[in-house]
Every structure is written in C-alpha cells, then in structure tokens.
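Asks: Can you keep this structure in mind? I'll have questions shortly.
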Amino acid sequence: SQPEKDTRNCTHPIASQFSQPKDARHTPAPCSTPRPGVENECQKCEAMFDTTSPVTDAAAPPAKVINPTLDQYKYSGESLRCCQLPLGPLGGGCIAVSGDGGLRQWQMVNETNHVGHVPDSFWGIKAEVGGVSHSRVLQSSALYDNSSFVAPFAVTDHIVPPGSIDLLKKLPGVPEIEITAKYPTVEVDYPNSGLPVDVHMTAWNPCIPLDENNSGIPVIVFQFSVTNPTTEA
C-alpha cells in the first residue's frame, strides 16, 4: 500500500491518488519540476512521498519473537500470546485451547465467532496437604496486558475475553502455562503453580485419516493427570 499524500497544491495526476503527506514536517508545494523520464510525477512529490526513503523519527517495528522450543512443539511465555488451538469434530465447529489455558473461540452450531467465549467455563483444582488447602484456576493472566502488543492485520487471537479477566480477578490462577501442540492433541502443563501436586492436561478430538465418520464425532476429550511429588498423602 502507498502512503497518503497532500494534493492541495499539486497539479500532477499521480498526486490525486493521495490526500496526506507521509511526513508532517513537509509542507505541500506546487509541482513545477517534473522528474526527468517519469510521467505524472515531480521531484518535490518524490522528495515528500518516496516510500523507499524511511522517515528517521518513525517508530521502529516490534522485535520478532522467536520461540526457542518450537522444534519441540512447545510454547511458553510470549509465544502463547496469540496461541489458539482449535479442537472439534470434522465439519462440526471447534473450541480452542488458549495460550492462557482457558477455552476460547467457541464456534459451533454453524456460527463463526472468533472471539466467542462462554463465561465460567474453566478448569480448577483443589489440593490439600498438611491441613492446608490450595485452590487454583488452571488459567494464567500473565499475557492479559496487550497495551504494548502490535497485532498483525486481522489477527484477534490475542484478545482476552472480559469473562476471563473477571474470573482471575476473583479467583487465583497459575503464574504460567506451557503448551505442547501436536494436532489433534494439545498438552498443557502448569509449572510453578504453587500447588502441592503436578497437573498435566491432554486434550484431543478424534481425527482418523480416511475415516470421516469417526473423525466427525462431536466430542473433545480432556484428560487430567495429577501427580503428588512429595511423600505426604
């Protein structure tokens, strides 16, 4: 795409395609000196609007985030901000396991809703050891602040449903999530959860090559394994 140009004092036809100058420091001027060999353009317009000459005080693009464990299909930290892993039957809609550990993008009943969310749909656990009870929502708010995140065009995967924000304001969550994604299987771990047990979730949907009937069974399976790493019962 081309930047907008200010055409108030420009008489060349090419300038009529634009409305504002690229750099507000430049002021429009009459186009009186055509650039040699170029029709419908001039040296002043070229100086003001050349897309090959960057504006020195323009904001730099955000640094690219490289997932260091991508080769292991593992995602953690910043690489989970736009992570949505849809599960569901073939041709039957989906529910996504999100990078915060919650469920998002409820797209069912022939309804496309990329930001669909069902309030109070979450996983939780309570464990007691030594007479002390520990309860957690298996969801993390570590990436809920998107104020400095610049999303690519048309990307909404980073949008946090208000219901998730409210949930973790009321109930304690976990500090971080780790996801291993190998479709149609998603594995979620909760390191440094503050719980006296280790929790692991595996979610999957039937996906059998060349078997559209069984691959279309409207079900998602969520399996939890809980391990006590201590000697206390």
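Asks: Please give the contour-minus-distance gain from VAL129 to SER148: 0.36 nm per residue of separation, less the Cα-Cα distance, rounded to one decimal in nm.
Replies: Answer, rounded to one decimal: 2.8 nm.
Asks: Say a paramagnetic label sat at a point 7 Å from the Cα of ILE208, along Cα to Cβ; which residues of the range 79-102 have their backbone N under 16 Å from it?
Replies: Within reach of a label on ILE208: 89-91.
Asks: If each Cα of the range 109-233 is one equal point scatterer, what is log10 of I(q)/I(0) from the Debye formula at q = 0.18 Å⁻¹?
Replies: Log10 of I(q)/I(0), two decimals: -1.18.
Asks: Also, I was wondering about something else. Could you work out the relative contact order of the range 69-150? I mean the mean sequence separation of Cα pairs under 8 Å and 6+ apart, divided by the number of residues, in percent.
Replies: 19
Asks: What nm distance separates the two modelled labels at SER225 and VAL155, each placed 7 Å from Cα along Cα→Cβ?
Replies: Taking the simple label geometry, SER225 and VAL155 are separated by 3.3 nm.
Only the coordinates and a few stated rules stand behind these numbers; no lab work does. Computed from a prediction, not measured in an experiment: that's the story for all the values here. Here Cβ is always computed from backbone atoms with ideal geometry, including for glycine, and neighbour counts include all displayed protein chains.
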